[in-house]
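Engineer: I have a structure I would like to understand better, so I am pasting it below and will then ask my questions one at a time.
The values are calculated or read from the model by the stated rules, or taken from the named source; none is laboratory data. Computed from a prediction, not measured in an experiment: that's the story for all the values here. Positions of Cβ are generated from backbone atoms using ideal geometry, with glycine treated the same way; all protein chains shown enter the neighbour counts.
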Amino acid sequence: MYPTPPSRPFPDRRRLDRIVLVGTPWTIASLVRHLRADGAEGSVDILGAIVMSREETRAVEAQGLRVLGTTDDIERIRVRERFDHALVSLPGAMRVAISSIRAALHCAGVRESFLPTMQDVLAGHSENGRAPGGMLDLSHIVGRPARRLDDTLVGGLVRHKRVLVTGAGGSIGSELARIIARFEPEQLILMDRSDNALFEIDRQILALHPGLDRRAVLHDVVDTEGTLQRMMDLRPHVVLHAAAHKHVPLMEDHPAAAVSNNLFGTKSVADASMAAGVDRFVMISTDKAVNPTSVMGATKRLAEMYVRSLNGAGGGRFALVRFGNVLGSACSVLPIWERQIREGGPVTVTDRKMTRYFMTIPEAAGLVLQAAALDEHEVFVLDMGEPVRIFDLARRFIEAQGLAPVVEGDQTTGGPNSVRVVITGARPGEKLYEELSYRAEELAPTSVDGVMAWGGDVGSRPSRNEVMRMVADMSAVRTSHDAERVITSIRAHVPEMIQPDTKHCASADAA
């Protein structure tokens, strides 16, 4: 987790005089929005903005603000403008820049207040999940406080071990890596096929833990031979498999890609783990694998079946952890809404009735690691609390920005601080209601608060012969351009996969 600088309360407008805003164009725009929402804009003298580089000047001036200079010129700007207070907002990943800027302001005798960015708040990288100035309180969204990490349990899993994370550049994979790095692993191995994502998480780990032995491995897990070779070379003790295609509507249009990545990518890593003598393999699964209506969910279900079939075949333990949506993950709903608001709206919601389970990224990653440390079961389900209605979430999110939601079709008329909310309709493959387990799966609490386990593991484990027939059938269509043929093959092995329009009715009782 990023270290967030200690935040002072949002400045008292009665003491404010001449202030400057420090940040990037989009964080400066957010500061202005919060000053307006707080009613402080009219009672302070905003002299202008200090940007990170001269290339950002035009974008800030387009917001109607005067650019005073760059952060390299803070001392000279202070002498020239005689400002009293600086409001600073930068992404937590820019920890070196934040420290440098705050030190320069301190040396110049300037009072400063640091406000985390919305992305850091959504990802839980701010103090207590909150930001000053009325920004979003994540515990309010999920309806409960986040669970605390059991350091002893996680330490026992990864300390002095070689730990491999696939999909390490993704939202969950990168948070797993950040947590693991705190517990003195012998080596942290970061694997991803995206060079940009891999470079970024490797850079973050280096900045936060410069003495940690780490490996950044640019590799696509779908490459079976390459995966086996790397696994034999690296010999990890623990493998956390987070790599997957996750976007529901996109996978409806590319079912063969979903089969190849979600099923055969998982099979590749799991088989290589067994061959390399890995002690513990954990697959990150999803609530969309339960009674799936989407290709994405159904291919994750196939991957679950394969992983479970490996238990009892010798070697280490193979488990899966299933959970719902995480707040602030890449391309998830809150960052999309934040961008839509920044662009002037509208905010889009698929359906007024749609509900989802939510959890913050740090809490989900922490619970995954704690579940991975448990020995008794092979199917774990995270307790996501009560489902949240997406429509209500959108309204609260807009109001947290100091703006007023105006819903399409309502009689309410908007004012200058209003944002339109447009209902777009459910997308292909989407359910109205998500489920975390099948009706036959009787979940019981474990020793970890927030982690449930299915007690019927061994008796219901898919037979190896059944699973290998499934693999052979899916192998025949994994490169097919005939989407209907691929989906027909998926349905043959996931018979509970039904159409979304019928699922809407069936799920109402289960939700």
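Let's see how each residue does on (1) modelled with pLDDT of 80 or more; (2) surrounded by fewer than 22 Cβ atoms within 10 Å (Cβ to Cβ); (3) outside the structural domain of residue 324 (by TED's automatic domain parsing); (4) touching a Ser or Thr at 6+ places or on another chain (Cβ under 9 Å):
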site	(1), (2), (3), (4)
79	yes, yes, yes, no
112	yes, yes, yes, no
116	no, no, yes, yes
144	no, yes, yes, no
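Engineer: A further question follows. Tell me which residues, restricted to the stretch 197-228, are among the aliphatic types (A, V, I, L, M), surrounded by fewer than 18 Cβ atoms within 10 Å (Cβ to Cβ), touching a helix residue (DSSP H, G or I) at 6+ places or on another chain (Cβ under 9 Å) and over 29 Å from residue 478 (Cβ atoms).
Structural biologist: Residues satisfying the conditions are 207, 208, 212.
Engineer: Among the candidates 97, 86, which residue alone is hydrophobic (A, V, I, L, M, F, W, C) and surrounded by fewer than 20 Cβ atoms within 10 Å (Cβ to Cβ)?
Structural biologist: The conditions single out 97.
Engineer: If you go through the stretch 211-220 one residue at a time, do you hit one that is modelled with pLDDT under 95, in the same structural domain as residue 275 (by TED's automatic domain parsing) and in a loop (DSSP other than H, G, I, E, B)?
Structural biologist: yes
Engineer: Which residues, taken from the stretch 144-167, are within 15 Å of residue 372 (Cβ to Cβ) and among the basic types (Lys, Arg)?
Structural biologist: Of everything in the stretch 144-167, those that are within 15 Å of residue 372 (Cβ to Cβ) and among the basic types (Lys, Arg) turn out to be 159, 161, 162.
Engineer: Which residue is modelled with the lowest pLDDT, if the candidates are limited to the stretch 296-354 and must be hydroxyl-bearing (Ser, Thr, Tyr) and outside any helix (DSSP H, G or I)?
Structural biologist: Looking at residues that are hydroxyl-bearing (Ser, Thr, Tyr) and outside any helix (DSSP H, G or I), I get 329.
Engineer: Could you grab me the full set of residues in the stretch 304-348 that are more than 29 Å from residue 450 (Cα to Cα) and crowded, with 22+ Cβ neighbours inside 10 Å?
Structural biologist: Within the stretch 304-348, just 347 meets the criteria.
Engineer: Okay, next question. Here are 56, 75: which of them is out of contact with any Lys or Arg (no Cβ under 7 Å at 6 or more places or on another chain), assigned to a helix (DSSP H, G or I), surrounded by fewer than 18 Cβ atoms within 10 Å (Cβ to Cβ) and not basic (Lys, Arg)?
Structural biologist: The unique qualifying residue is 75.
Engineer: Oh, and also: Got a sec? Which of 430, 434, 386, 376 is out of contact with any Leu (no Cβ under 6 Å at 6 or more places or on another chain), within 30 Å of residue 154 (Cα to Cα) and either crowded, with 20+ Cβ neighbours inside 10 Å or at pLDDT 80 or above (or both)?
Structural biologist: Within the list 430, 434, 386, 376, the selection yields 434.
Engineer: Might you let me know whether the stretch 440-460 holds any residue that is within 21 Å of residue 249 (Cβ to Cβ), modelled with pLDDT of 85 or more and out of contact with any helix residue (DSSP H, G or I) (no Cβ under 7 Å at 6 or more places or on another chain)?
Structural biologist: no
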